[in-house]
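Peer 1: Here you go, one structure.
Derivation of every value follows stated rules applied to the coordinates shown; laboratory data play no part. Note that this is a predicted model, so its numbers are computed, not measured. Cβ: placed from backbone, ideal geometry, glycine included. Neighbour counts: every protein chain shown.
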Amino acid sequence: MKDCIFCKIVSGEIPAEKVYENEDFLAFLDIRPLSAGHTLVIPKKHYRWVWDVPNAGDYFEVAKKIALAEQKAFDTEFILSKIVGDEVPHAHIWIYPENKVKENKNDLAGNADKIRKALPQ
């Protein structure tokens, strides 16, 4: 969809603080984070709802990978996830640490770097 902000992020038309990417999925930080490291995991191909994504198992494996990296990066076991989908009409999963972590939630570059370094190689 040419007017979808997430599709524009996938195409590189809009910059984003990316933390993970593979052939099918992209994970990047939310520009209005609820906590440090608040990440959105999206399919690169446009689907309206998470439930429309055909390879949902692979999708949730990426979400799990991000959640485990956030646990390590922000030294917390309490990682939240949320699926609503009314804010942007493109499937997305929110993954974010509890808001008690000490890092500055608005340090997008620093938080993205912490998550990337915590991902398994």
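Peer 1: Out of curiosity, is residue 43 touching a residue at least 40 places away in the same chain (Cβ under 8 Å) and over 25 Å from residue 4 (Cα atoms)?
Peer 2: For residue 43, the condition - touching a residue at least 40 places away in the same chain (Cβ under 8 Å) and over 25 Å from residue 4 (Cα atoms) - is not met.
Peer 1: Can you pull out every residue in the range 71-121 that is exposed (fewer than 14 other Cβ atoms within 10 Å of the Cβ), basic (Lys, Arg) and in a loop (DSSP other than H, G, I, E, B)?
Peer 2: 100, 102
Peer 1: Here's something else I'd like to know. Filter the range 57-70 down to the residues that are within 11 Å of the chain's Cα centre (by Cα), surrounded by 15 or more Cβ atoms within 10 Å (Cβ to Cβ) and over 14 Å from residue 26 (Cβ atoms) and list them by number.
Peer 2: 67, 70
Peer 1: Okay, next question. Just one of 47, 96 is among the hydroxyl-bearing types (Ser, Thr, Tyr) and in contact with a strand residue (DSSP E or B) (Cβ under 8 Å, 6 or more places away or on another chain); which is it?
Peer 2: 96
Peer 1: Shifting gears a bit: Pairs under 9 Å by beta carbon, first residue in contact (Cβ under 8 Å) with a residue 24 or more places away in the chain and over 15 Å from residue 83 (Cα atoms) in the range 46-57, partner exposed (fewer than 13 other Cβ atoms within 10 Å of the Cβ) and not basic (Lys, Arg), six or more apart or different chains?
Peer 2: Short answer, once both residue conditions are applied: 46/1.
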